[in-house]
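I have placed the structure first, in the form of structure tokens, so that the comments after it can refer back to it.
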There are 2 protein chains.
Amino acid sequence: MHDFDLRNFLPYLLNQAAEETSIRFSRIYKDRYGMLRTEWRVLFHLGRYGDMTASEIGRLSKMHKTKISRAVKALENKNFVTRRESSGDRRLGILTLLPQGRSAFDDLVEVAEKHNSDLMAGFSTGERTVLIDCLQRLAAFEDLPD
Amino acid sequence: MHDFDLRNFLPYLLNQAAEETSIRFSRIYKDRYGMLRTEWRVLFHLGRYGDMTASEIGRLSKMHKTKISRAVKALENKNFVTRRESSGDRRLGILTLLPQGRSAFDDLVEVAEKHNSDLMAGFSTGERTVLIDCLQRLAAFEDLPD
DNA sequence: TCTTGTTGGTTACAAAAGCAACCAGTACTA
DNA sequence: TAGTACTGGTTGCTTTTGTAACCAACAAGA
């Protein structure tokens, strides 16, 4: 019996919090649109930032390129997204939201905003600021030198 | 282009932070002991709380029972853990750390404590308190009524 | 004590993630 | 303009996870 407390260990605690807060939202994009987490992430990037290539999404989201590749394929099958070749660099596939994808995005953004404010509801303004700020710094932690 | 910002969306942000903060530590338990995340979680519960059954670990960690079952099997194969049948209820398997598991635990606790303080290093005392408190509340969110 | 329901735990099968190899296309540079 | 090295992206194979079905063992009531 050791006094190390898992409940103060950030990687563990963050993981628990991430899982708990994701469940309800994931049920919605899964039930309504048959999407996976990787798929809504791609969708959200395109909806939020406009046309992008897979590797740009990768840089922002830090998802591995195979995940993105498969998510894009699934979104194409759903007619949510289309891909056209870049005129300059022919390796690049520029991804664009199609009307159906746009409307799923609009729908899910509303859900996400509601869900987010539910999650934040218990916190004071000051707590929210600190929480978001700390999380953003932690999310960038691995980019720091060892 | 919508103004919804993924970077303020808690489920996303928490996930990013969780992944980033887990990488270094996971490399260590993987490299040194060939363990998976599920395995170190079980190990840490036993090391921290003493003998437990699989379902007690499940209640605390919220891991699904199949994950625990497989993690326990892997830990038994490594001679980190042993299981004996409860004298009372013969369904229950009481899990105990073996010397090798104990020493891996001791080693990893040190690593985890160091890693945790590295992660916290950038935060003020006030920030730490708020962060941990908010995360613990978020981790319990799904237990709340809808 | 039968019978119905529950709980602890495992297993088998399907879905998803991780990893490495690969195929273009580009970029450098000799 | 050939050679080498890199980048964007896909595919195939392996490892992990999720899900549901299942097998004991227990519990509670008729």
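Might you check whether a residue that is more than 16 Å from DNA strand D (Cβ to nearest atom), under 29 Å from A:R37 (Cα atoms) and aliphatic (A, V, I, L, M) occurs anywhere in the range B:85-98? Taking every residue of the range B:85-98 in turn, none turns out to be more than 16 Å from DNA strand D (Cβ to nearest atom), under 29 Å from A:R37 (Cα atoms) and aliphatic (A, V, I, L, M). When the residues of the range A:30-40 are filtered to those that are under 21 Å from B:N8 (Cα atoms) and buried (at least 21 other Cβ atoms within 10 Å of the Cβ), the one that is farthest from DNA strand C (Cβ to nearest atom) is A:W40. Search the range A:112-132 for residues being in a helix (DSSP H, G or I) and open to solvent by 60 Å² or more (accessible area, probe 1.4 Å), and hand back the single one that is farthest from A:A18 (Cα to Cα). Step by step, filter the range A:112-132, then rank; the result is A:T125.
Among the conditions (1) crowded, with 21+ Cβ neighbours inside 10 Å; (2) more than 8 Å from chain B (Cβ to nearest Cβ); (3) not basic (K, R), the only one that A:T66 does not satisfy is (1). Please verify whether the range B:54-63 includes one or more residues that are among the charged types (D, E, K, R) and open to solvent by less than 50 Å² (accessible area, probe 1.4 Å). No - not one qualifying residue is present in the range B:54-63. Selection within the range B:55-84: residues that are away from DNA strand D (no atom under 13 Å from the Cβ), touching a residue at least 12 places away in the same chain (Cβ under 8 Å) and part of a helix (DSSP H, G or I). The member of this set that is nearest to A:A17 (Cα to Cα) is B:L60. Here the condition is being among the hydroxyl-bearing types (S, T, Y) and within 21 Å of A:R7 (Cα to Cα); of B:S103, B:S87, B:S124, it holds for B:S124 alone.
Okay, residues lined up against (1) closer than 25 Å to A:N116 by Cα; (2) touching a Ser or Thr at 6+ places or on another chain (Cβ under 9 Å); (3) modelled with pLDDT of 95 or more:
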position	(1), (2), (3)
A:S26	yes, no, yes
A:L43	yes, no, yes
A:E56	no, no, yes
A:E85	no, no, no
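All conditions in (1) facing chain B (nearest Cβ under 7 Å); (2) modelled with pLDDT under 95 hold for A:D5, with the sole exception of (1). Please pick out the residue among B:G47, B:G101 that is in a helix (DSSP H, G or I), under 12 Å from the mean Cα position of the chain (by Cα) and more than 15 Å from DNA strand C (Cβ to nearest atom). That would be B:G47, the only listed residue that is in a helix (DSSP H, G or I), under 12 Å from the mean Cα position of the chain (by Cα) and more than 15 Å from DNA strand C (Cβ to nearest atom). If we scan the range B:99-106, do we find a residue that is away from DNA strand D (no atom under 16 Å from the Cβ) and more than 14 Å from chain A (Cβ to nearest Cβ)? Yes, the conditions are met somewhere in the range B:99-106. The set of residues in the range A:8-44 that are more than 7 Å from chain B (Cβ to nearest Cβ), part of a helix (DSSP H, G or I) and of a type in the set (A, V, I, L, M) comprises A:I28, A:V42, A:L43.
The values are calculated or read from the model by the stated rules, or taken from the named source; none is laboratory data. Keep in mind that what you see is a predicted model, and the values were worked out from it rather than measured. When we count neighbours, we look across all protein chains shown, and the Cβ atoms used for this are built from the backbone with ideal geometry, even at glycine. For the accessible areas, the whole protein counts, side chains as well, though only heavy atoms, and no ligand, DNA or RNA atoms are used. Shrake-Rupley method; radii C 1.70, N 1.55, O 1.52, S 1.80 Å.
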